[in-house]
1. Within the stretch 126-138, is even one residue in a strand (DSSP E or B) and open to solvent by 20 Å² or more (accessible area, probe 1.4 Å)?
2. Considering each of ARG138, ARG163 in turn, give the residue that is touching an Asp or Glu at 6+ places or on another chain (Cβ under 9 Å) and within 19 Å of VAL238 (Cα to Cα).
3. Please go through the stretch 159-169 and pick out each residue that is surrounded by 19 or more Cβ atoms within 10 Å (Cβ to Cβ) and either assigned to a loop (DSSP other than H, G, I, E, B) or at pLDDT below 75 (or both).
4. Only one of (1) in a loop (DSSP other than H, G, I, E, B); (2) open to solvent by 10 Å² or more (accessible area, probe 1.4 Å); (3) in contact with a strand residue (DSSP E or B) (Cβ under 7 Å, 6 or more places away or on another chain) is not met by HIS345, so which one is it?
5. When you check LEU191 against the structure, is it out of contact with any strand residue (DSSP E or B) (no Cβ under 7 Å at 6 or more places or on another chain) and among the aliphatic types (A, V, I, L, M), yes or no?
6. All but one of (1) assigned to a strand (DSSP E or B); (2) among the acidic types (Asp, Glu); (3) surrounded by fewer than 16 Cβ atoms within 10 Å (Cβ to Cβ) hold for ASP116; state the number of the condition that does not hold.
7. It is to be established whether one or more residues within the stretch 185-198 are of a type in the set (S, T, N, Q), in contact with an Asp or Glu (Cβ under 8 Å, 6 or more places away or on another chain) and closer than 24 Å to VAL238 by Cβ.
8. Looking only at the stretch 232-259, which residues are of a type outside the set (A, V, I, L, M, F, W, C) and either crowded, with 20+ Cβ neighbours inside 10 Å or under 25 Å from LYS171 (Cβ atoms) (or both)?
Amino acid sequence: MVRGDDVQEKPNPIRSEPEEDAAENEVHDEPVTSISSNSFNELTAVEKNNKDECNAQIDSLTPCWDSLPSVILLEIFSYLPRDSRIQASQVCRNWRYALFHPTFWKRITFSLVDHDSILWSRCLSSWFQYSVQEVTIRCESANNFAREALYVLKKLSSNRHLRKISLEPSKCMFEYPNHEVNGKKLLKQLLNILDTSNCLEVLSLGCIEELTEDLTCILKPLRRAHANHLTHLSLASVKDDPDHYAFLELQCSLFENFSKLTILTIDYEHVNNELLLALKSGVMKRFVVHVHGWDGDYVGANNEAWESFSDKNPQCELRLSLIHSYNAVRVLDSEILHPAMPLTHLKVLFCEGINVTALHQLSDWYSSTLQSLIWIDSFNSQENNLLDSLIYDDTHNPDPVVLAAWRCKNLSEIIFIGQKYSADNLRAIVRLTSRLQRLEFAENDIVYEKTCLKNDTINEIKKHMGKQWKLLKDKELPKVVINPLIGDSREVIMPLVLPDQK
């Protein structure tokens, strides 16, 4: 091996040192050329021009960031998250154009909340009406915002590539319908989209009551054009008047053709043996049912039908929501719940009552499936409460919520507001389970016995739930929970039920 330090310079064998000295000392008799000032300036100018030409050649080889080829710029943008792309678009006009390339606007959420957002939504719906593939429209139910939602839907009615259309209103109905803004016009635009799109996979009606009165007119075009690729269908609603509402009988056999349907939401009046039999694809993952008013003439589904449904769809979760169900909550245990239901989530929202027997059934029937229990009422609308019901029925009867926390091995969420509750039982909940991730009770609901001090209760629960845990004070609760006459229950209901529709 030869190292750098070991290499020495060898003498030139052709030319010796004396010859070099002679060459250096040799005198030439050639004339010396003199250079005038004008000639010097000319030479300097030539050198400068040559230098400028050289720099220009170097600059031509250096990439100019504001004139990158669009293919390269789009490739760079594709690796950036949305917020970073927006920041980068402020560099120059070329980068700004790249931001609005249809490639980056396949998924758009139109949030119609004020004048600026309306103008922005109009621009986006005009630019990308033929290329966007996934659309979510969030808006108030006030007429001016609903009018803009109609505008967006009309723009999308010629889009053949639309794969998802999801409505997310803050309220479940049109407050002031007129000839310009009403459920029929909204339904018409949705039906136009169903007829035009080639590959719709997701359709969510956003719990809008007017859109769910006649589901057959929606299911028929869906079955005709989208049965082979529809995966998510949200048809459930939130009724404005749960005791008086119109609906047409549904032809449940229409569901047989949806071979890839994994998520379905629907109102309880359409749930029967025929529907459960039609949902036989085996790929169902979430089945959401909304219960409103209660009619004794409802056929419903029996336990055998639920057992067959669960066998065919072993991965399916059943999420049951009672919404303003003043009569249904009383028959929840006897008419609605069945042992074979794959119940994972139960929401009872502003039903003005408690059903202790149904709460006991949760731990008896759904100990291996139940994941969430939410029971919310207004303070001033209680006809009875859990604590009084237990004392009245049997002073030795164990608390059903405590039993659910103990026996339901997958229960991770308990929200219990608007019902008086014992502090001793609240402590028992956290003692008997380590799986709870969310536990919410109102401070005004908790009743402290002599043996249970407030600070001791709070401190013990914090050990299990974390130092940030606390009972909810009145100022942290929605107004409708404090007093049903000064608030709107839909402001609580919609954020709780809309996530089930996604």
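1. There is at least one residue in the stretch 126-138 that is in a strand (DSSP E or B) and open to solvent by 20 Å² or more (accessible area, probe 1.4 Å).
2. Details: ARG163 fails: within 19 Å of VAL238 (Cα to Cα).
From the options ARG138, ARG163, the qualifying one is ARG138.
3. Selection gives ASN159, LEU162, ARG163.
4. Unmet for HIS345, out of (1) in a loop (DSSP other than H, G, I, E, B); (2) open to solvent by 10 Å² or more (accessible area, probe 1.4 Å); (3) in contact with a strand residue (DSSP E or B) (Cβ under 7 Å, 6 or more places away or on another chain): (1).
5. yes
6. (1)
7. So far as the stretch 185-198 goes, no, none of its residues is of a type in the set (S, T, N, Q), in contact with an Asp or Glu (Cβ under 8 Å, 6 or more places away or on another chain) and closer than 24 Å to VAL238 by Cβ.
8. HIS232, SER234, SER237, LYS239, ASP240, ASP241, PRO242, ASP243, HIS244, TYR245, listed by residue number.
The values are calculated or read from the model by the stated rules, or taken from the named source; none is laboratory data. Since we're looking at a predicted model, the values are computed, not measured. Here the Cβ is made from the backbone with ideal geometry for all residues, glycine too, and neighbour counts use every protein chain on show. Calculation scope for accessible area: heavy atoms of the full protein, side chains included, ligands and nucleic acids excluded. Shrake-Rupley method; radii C 1.70, N 1.55, O 1.52, S 1.80 Å.
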